[in-house]
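Encoded as structure tokens, the structure appears first; notes follow it.
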Amino acid sequence: MSLIRPLPDCPVDIVGDIHGEIDALRALLRHLGYDEMGRHPERRRLVFIGDFVDRGVDSVAVVRLIKQLTDNGHLAILGNHELNLLRGDQKDGAGWFFEKQREREKHRYVQYKIASEQEKEEILNYINTLPIALENKNLRIIHAAWLPEKIELIRQLGNIDAKTAFSELRQLAKEQEKNQAWYDDYQKEHAFYHQHNRDEHFAMPYLPAVGAFDLYHGQANPIRAVACGTEKMADKPFYAAGRWRFVTRYRWWDDYDDDIPVVIGHYWREWYNTPTTEPTDKWLKSRNELFHEPPNHWLGKKKNVFCIDFSIGAMWKTRLPQSPFSPEQFRLCAFRLPERVLIFHNGEKVQTMGFQAA
């Protein structure tokens, strides 16, 4: 099947990034009014926006529940963390799946359930059946960025699974990287970078060719671009999600010209009840620099993009010894449409603001 699939024109509850937080997911489904089989008295449909896995306590249980729900008619799309599993890319928080990664992060994500080999196979087989995006004439749903040119390239792939498509596109980008202006400098920089890239306390110098390499591979592959979002060169190196980085995210929604609304996850929005509240964690604060608006407001120059990731993926921080964080800082969210209401896993409901219909 195509990686861009139809979205039914019916009332939906779009669930944000879950990151293995199975208890929060179960609580959210109860507050939304779904029973254990995913039935709703108003016949609503669930849509899971990706990033089901990593960092949280039980990614296996989350994927199993989502599979059960999609087997019963609900919908899900891939996030970048699912793509990482399909590619065998061992990223931060994935030690529950990759043994080598587990050793690196044993002092951080110490409470997650480890997947068996059979569970790994089941998860990979399932997530490789999922699309990258859903759409109808009134709504678009994608994990990180609706980029029309990239979306059109993905449409042209025809009937293909995500793993095969990503691999073919990555290989094409790899073949063309030697023609890039930064390539020779990257050959000089990358050995030094890989020697120190996971040391948070190392005084990492600015490596422009490493940044150019990451930027190129982030945008040359259209699947990666829409699942991970648009990026630009950072002003200085910064450490995030287990490695030093030279590219940073930016607000693609300020360039989004279409009238059809888009719902996304991915971007680590933080919930706060007053506009004067500041994020207390430096990593979350760097992510929240993307958002100039209150957390229940629509985004973009047409005010028709909404991000529903409210950082449940950082809930693990509350489980560390003597943690300064409150669980209330990190929330799993569902976006109820057409009502345009946020519903959180603690049961709180908040009306969104600022939406401008075409």
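The values are calculated or read from the model by the stated rules, or taken from the named source; none is laboratory data. It should be emphasised that the depicted structure is a prediction, and the values quoted were computed from it without experimental measurement. Methodologically, a virtual Cβ is constructed for each residue, glycine included, from the backbone with ideal geometry; neighbour enumeration extends over all protein chains shown.
Structure data summary
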item: Residue satisfying all of: in the stretch 203-245; among the acidic types (Asp, Glu) and surrounded by 15 or more Cβ atoms within 10 Å (Cβ to Cβ); nearest to Gln171 (Cα to Cα) among these; result: Asp214
item: Restricting the stretch 244-268 to residues that are at pLDDT 90 or above and basic (Lys, Arg), the residue that is farthest from Gly50 (Cα to Cα); result: Arg245
item: Every pair of residues 6+ apart whose Cβ atoms lie under 7 Å, when the first sits in the stretch 39-68 and is within 16 Å of Lys120 (Cα to Cα) while the second is surrounded by fewer than 23 Cβ atoms within 10 Å (Cβ to Cβ) and acidic (Asp, Glu); result: Val60/Glu119
item: In the stretch 283-321, residue surrounded by the fewest Cβ atoms within 10 Å (Cβ to Cβ) [restricted to those that are hydrophobic (A, V, I, L, M, F, W, C), modelled with pLDDT under 95 and in a loop (DSSP other than H, G, I, E, B)]; result: Leu320
item: Count - residues of the stretch 214-270 that are assigned to a helix (DSSP H, G or I), among the β-branched types (Val, Ile, Thr) and farther than 25 Å from Arg140 by Cα; result: 0
item: Among residues of the stretch 214-250, those that are more than 20 Å from Phe192 (Cα to Cα), touching a residue at least 24 places away in the same chain (Cβ under 8 Å) and in contact with a helix residue (DSSP H, G or I) (Cβ under 7 Å, 6 or more places away or on another chain), counted; result: 12
item: Any hit, the stretch 24-39, residues being of a type in the set (A, V, I, L, M), surrounded by fewer than 21 Cβ atoms within 10 Å (Cβ to Cβ) and in contact with an Asp or Glu (Cβ under 7 Å, 6 or more places away or on another chain); result: yes
item: When residues of the stretch 322-339 are limited to those that are under 21 Å from the mean Cα position of the chain (by Cα) and part of a loop (DSSP other than H, G, I, E, B), the one surrounded by the fewest Cβ atoms within 10 Å (Cβ to Cβ); result: Phe330
item: Close pairs from the stretch 294-307: first at positive phi, partner among the aromatic types (Phe, Trp, Tyr) and assigned to a loop (DSSP other than H, G, I, E, B), Cβ under 9 Å, at least 6 apart; result: Gly300/Tyr256; Lys303/Phe355
item: Every pair of residues 6+ apart whose Cβ atoms lie under 6 Å, when the first sits in the stretch 187-204 and is basic (Lys, Arg) while the second is at pLDDT below 95 and surrounded by 11 or more Cβ atoms within 10 Å (Cβ to Cβ); result: Arg198/Arg243
item: Scan of the stretch 34-73 for residues that are touching a strand residue (DSSP E or B) at 6+ places or on another chain (Cβ under 9 Å), in a loop (DSSP other than H, G, I, E, B) and modelled with pLDDT of 95 or more, ordered by number; result: Tyr34, His40, Arg44, Ile49, Gly50, Phe52, Gly73
item: Pairs with Cβ under 6 Å, 6+ apart, first in the stretch 114-142 and closer than 16 Å to Asp13 by Cα, second acidic (Asp, Glu); result: Asn136/Asp9
item: Whichever residue in the stretch 18-33 is out of contact with any Leu (no Cβ under 7 Å at 6 or more places or on another chain), touching a residue at least 40 places away in the same chain (Cβ under 8 Å) and outside any helix (DSSP H, G or I) and, among such residues, is nearest to Arg224 (Cα to Cα); result: His19
item: The stretch 74-121, subset closer than 26 Å to Tyr34 by Cβ and in a loop (DSSP other than H, G, I, E, B), residue modelled with the lowest pLDDT; result: Tyr112
item: From Asp9, Asp13, residue being in contact with a strand residue (DSSP E or B) (Cβ under 9 Å, 6 or more places away or on another chain), surrounded by fewer than 21 Cβ atoms within 10 Å (Cβ to Cβ) and among the acidic types (Asp, Glu); result: Asp9
item: Residue within the stretch 185-200 that is modelled with pLDDT under 95, part of a loop (DSSP other than H, G, I, E, B) and farther than 28 Å from Val226 by Cβ present; result: yes
